[in-house]
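J.: Structure below; questions to follow.
The values are calculated or read from the model by the stated rules, or taken from the named source; none is laboratory data. Everything numeric here is computed off the predicted structure, so don't read it as measured data. Methodologically, a virtual Cβ is constructed for each residue, glycine included, from the backbone with ideal geometry; neighbour enumeration extends over all protein chains shown.
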Amino acid sequence: MRQGASGKKYKALFSVILLYLLFIISDDDGKIQPEDLESYRAELSVWVEDNLEDLREEQNNRKKVIRDVCDKYKVNQHVPPGEQPKAILPLKLENEDYTFLKGINWQYIYHAKHQSIVWCKVPKAGSSTWTYNFLKLAGQTTNSTKIHKLLRDYYPKVEDRKALKEDFKFMVVRHPFERLLSAYRDKLEDLSRDMDAREGYYHNMYGKHIVAQYRDKSDRNLTNVLEPTWREFVEYIITTPANKFDEHWMPIWMLCSPCIVRYNVISKMETFAEDTQFTLEEAGLDNILEVEWKHRTGTGGSSDTIMDYYSQLTTAEVAELFHKYRLDFELYEYNPEPYFEIAKQDNP
């Protein structure tokens, strides 16, 4: 997917800030040094204010791409129940998947009424940071590891269409393949981690079933391995309907209804600090909240990590994964080509 001049200009604008973050305020372990954080925040705020016009132009471009993709597939075209528009048939969506495009998934909508702000929560895309922020808006500050469970206590699920029309709305997206890998590493790769954090929830719900269904029993190297391997997880993703997925690897379009909800800001993990500061200023929250970095647990996608995992896959498997998340790639302008280059060539 080709990047327009506006996107290139935007990247050039925030590159200095990004380099500052990586090389000035981070130590050898990638942790932000507290003594430099306030200085960084101040510089970030000034930078965003100085570049508001370009940031707004970038947001307009992101929103236009979403509208164009939704129009391309005739998402809002009226069709009889149980049918899909002809334009969308190449995506090969299950009818149950298609219903996610036609309606609003209120399960992931959080409405801070007093601040007139709506957030669609996308797990593995800045969700811990914004959960912390929304709890702070509710007057709750906590060091609990159960912040995601606490969130609905203060923001009960309410189907408020008026808020979706009138209030400030935003979401955060991430490269589909990086998000998928992060979900696997965080939830399924390490059983001891799952036991400590969640009493084995993901192993019991998914891990052991993936192993039972997709493991080659003749592979002696995996005899005593309880967790699903990366390739087993990928096979599960490829062969399972998306509507059966856990939220951490469910496509973003199924979570946030982008063809129905017109978001004011589409933030990206690749530009998270800049986009977050921009969101705070546009929503009038810059005097209440600050740019934070939460849940830095090392399950993200450095270039070396991405290479390690995706080089285990064949180009055919990457193609199947791309098809599964194709709509996210198109809606949010992500490029799958580097992952095809990393993958193993298929046997002739």
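J.: Would you pick out the residues in the stretch 153-181 that are part of a helix (DSSP H, G or I) and closer than 25 Å to Glu270 by Cα?
T.: Pro176, Phe177, Glu178, Arg179, Leu180, Leu181
J.: Just one of Leu321, Leu289, Leu327 is part of a loop (DSSP other than H, G, I, E, B) and either at negative phi or surrounded by 20 or more Cβ atoms within 10 Å (Cβ to Cβ) (or both); which is it?
T.: After ruling out the rest, the residue left standing is Leu289.
J.: Next up: Which residue, of Ile260, Ile266, Ile252, is in contact with an Asp or Glu (Cβ under 6 Å, 6 or more places away or on another chain) and under 30 Å from Gly284 (Cβ atoms)?
T.: Ile252
J.: Check off (1) aliphatic (A, V, I, L, M); (2) farther than 22 Å from Pro241 by Cβ; (3) surrounded by fewer than 14 Cβ atoms within 10 Å (Cβ to Cβ); (4) in contact (Cβ under 8 Å) with a residue 12 or more places away in the chain for Val48 and give me the number that stays unchecked.
T.: (3)
J.: For the stretch 71-87, enumerate the residues that are of a type in the set (A, V, I, L, M, F, W, C) and in contact with a Leu (Cβ under 8 Å, 6 or more places away or on another chain).
T.: Val75
J.: Is at least one residue of the stretch 183-201 of a type in the set (Ser, Thr, Tyr) and over 30 Å from Cys259 (Cβ atoms)?
T.: Checked against the condition, which is being of a type in the set (Ser, Thr, Tyr) and over 30 Å from Cys259 (Cβ atoms), the stretch 183-201 yields at least one hit.
J.: I've got another one for you. Cβ contacts < 6 Å: first residue small (Gly, Ala, Ser), restricted to the stretch 183-195; second residue buried (at least 21 other Cβ atoms within 10 Å of the Cβ), any location; separation 6+ or different chain. Result?
T.: These pairs meet every condition: Ala183/Lys124; Ala183/Trp249.
J.: Pull up the stretch 83-111, narrow it to residues that are touching a helix residue (DSSP H, G or I) at 6+ places or on another chain (Cβ under 6 Å) and of a type in the set (Asp, Glu), then point me to the one that is surrounded by the fewest Cβ atoms within 10 Å (Cβ to Cβ).
T.: Here the answer is Glu96.
J.: Out of Asn95, Asn105, report the one residue that is under 20 Å from Asn243 (Cβ atoms) and in contact (Cβ under 8 Å) with a residue 60 or more places away in the chain.
T.: After ruling out the rest, the residue left standing is Asn105.
J.: Anything in the stretch 203-221 that is surrounded by 13 or more Cβ atoms within 10 Å (Cβ to Cβ) and either touching a residue at least 24 places away in the same chain (Cβ under 8 Å) or over 14 Å from Tyr184 (Cα atoms) (or both)? List them, or say none.
T.: Across the stretch 203-221, the qualifying residues are His203, Met205, Tyr206, His209, Ile210, Gln213, Tyr214, Arg215.
J.: Answer yes or no as to whether Leu150 is crowded, with 19+ Cβ neighbours inside 10 Å, touching a residue at least 12 places away in the same chain (Cβ under 8 Å) and not in a loop (DSSP other than H, G, I, E, B).
T.: no
J.: Here's a follow-up. Report yes if His114 is surrounded by fewer than 17 Cβ atoms within 10 Å (Cβ to Cβ) and farther than 21 Å from Leu255 by Cβ, otherwise no.
T.: yes
J.: Here's something else I'd like to know. Of the numbered conditions (1) modelled with pLDDT of 85 or more; (2) surrounded by 14 or more Cβ atoms within 10 Å (Cβ to Cβ), Asp304 satisfies every one except a single condition; which is it?
T.: Asp304 satisfies all of (1) modelled with pLDDT of 85 or more; (2) surrounded by 14 or more Cβ atoms within 10 Å (Cβ to Cβ) except (2).
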